[in-house]
Each structure stands twice: as C-alpha cells, then as structure tokens.
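Read through the structure below, which is laid out as structure tokens, and then see the notes.
Since every read-out is calculated from the coordinates, none of them should be taken as a lab result. All of these numbers come straight from a predicted model, not from anything done at the bench. Note: ideal-geometry Cβ built from the backbone for every residue, glycine included; neighbour counts use all protein chains shown.
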Amino acid sequence: MKIHIWIRKSEAISGKITKYYNMAPQSSDWPYYVEVSISQDEFAKLEDSLEDNSKKISISDLDSMSFNQDLRDTIEDGGGWIVEQYNRNRDQKDWVKSIEEIPYVYEKNPDTGEVYKRKFGKEHDSRELVSVGVVERDYSSEKGLEELQKEMEVKTGAEFMTWFHKLTKNEKTKLTRYYND
C-alpha cells in the first residue's frame, strides 16, 4: 500500500520533513507543496519522528526505505513485475522466467550520457561502462530513380507506405522531386 502526502518543496529539497498534509493544503501558498508517495512502514516512521522531534527523518531515508521495500516485495513474490518489465519489449523467444535469468541491467547517467551495465541485484560499485556508439547509415547502396520506380509499381497502398518509410532521405527526395515536377 502507498500513502500520498503533501510536503513543502523546500522540505523536499532539504530532506527535513517537519509537517505534512494528506491533501493539497487549502491556502494561498499551495504552489509551494509537492505530493510524495510513501509506504505504510515509512508513514509510521514519519509519524514517530514527527511526534519525537529529536529524531528527524529525511526524504532520502524515505526514498531509500521505499526502494528497498519495493525491491524486497517484488523479489519475494518471484520477481513477477521485474520479469514482466524485462520481457515487455522482447520477442517471446528472448523472454526470461525468473530474475536470475536477467543478464544485465543497463543504466544511463542523464548528466553525462554514459551507459553502465551490471548484474541485477548487484551494487552500483560492480557496474561497468558500456560504449554505445551511433551507427552511421551506409548510403553507398542507394537506389536510382529507375530502380525505385520499378519497385514502386508492384506495391499496394499499405505496402507502399511501409516501403516508402524504409527508404533513405535521398531516395524519398528523388521520388518526390520526380513526381512533383
């Protein structure tokens, strides 16, 4: 179960929660609040820490507890959700049945663009940098106008659109110039 609370943006940034609301505050300063989701355990710890002002809990503590609890929950149920996400955009022949079969988890640093890979469940210290390059398309085998016209003659409406979208930009330009003139 997740619990949604509203806290001040400044507290979200500083990580020191002093007060929360169960809905957006009904005051003129409501734009200075954000909604966060926490687990039932985290909520209980937050309640305890707010009653006992000597013990403060931070956003990063809540976030860390939430991630670890969610990960424990999904691993305890056999990793169903993680396996489902892994298999989602793959051919059925490439699907896995358990977390242990997942070869690598890939992570991208949005600031630097670097891509790392690591075994699922391993710490970030064990990850390795992956070099990902942009592949240049080979335009040396572009078709001439006559060849494009011969291929186009046998295409039906639906086939034509698929065929046309697979052409290079230069090939598309050749055809459109010819038929627009």
Neighbour-count ranking [beta-carbon atoms within 10 angstrom, fewest first] of ARG177, ARG8: ARG177, ARG8
Lysines with Cα under 21 Å of LYS169, excluding same-chain neighbours fewer than 8 positions away: LYS143, LYS150, LYS155
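Structure shown: which of LYS93/LYS119; LYS16/LYS97; LYS119/LYS172; LYS9/LYS97 lie over 32 Å apart, alpha-carbon to alpha-carbon? Working shown, then result.
On the way: LYS93/LYS119 21 Å; LYS16/LYS97 41 Å; LYS119/LYS172 43 Å; LYS9/LYS97 41 Å.
LYS16/LYS97; LYS119/LYS172; LYS9/LYS97, as the Cα separations exceed 32 Å there.
Once R0 is set to 45 Å, what does the formula 1/(1 + (r/R0)^6) return for the Cβ-Cβ distance between LEU175 and GLU128, expressed as a FRET efficiency to the nearest 0.05? The partial results should precede the final answer.
On the way: r = 46 Å, r/R0 = 1.01.
The pair LEU175/GLU128 has a calculated efficiency of 0.50.
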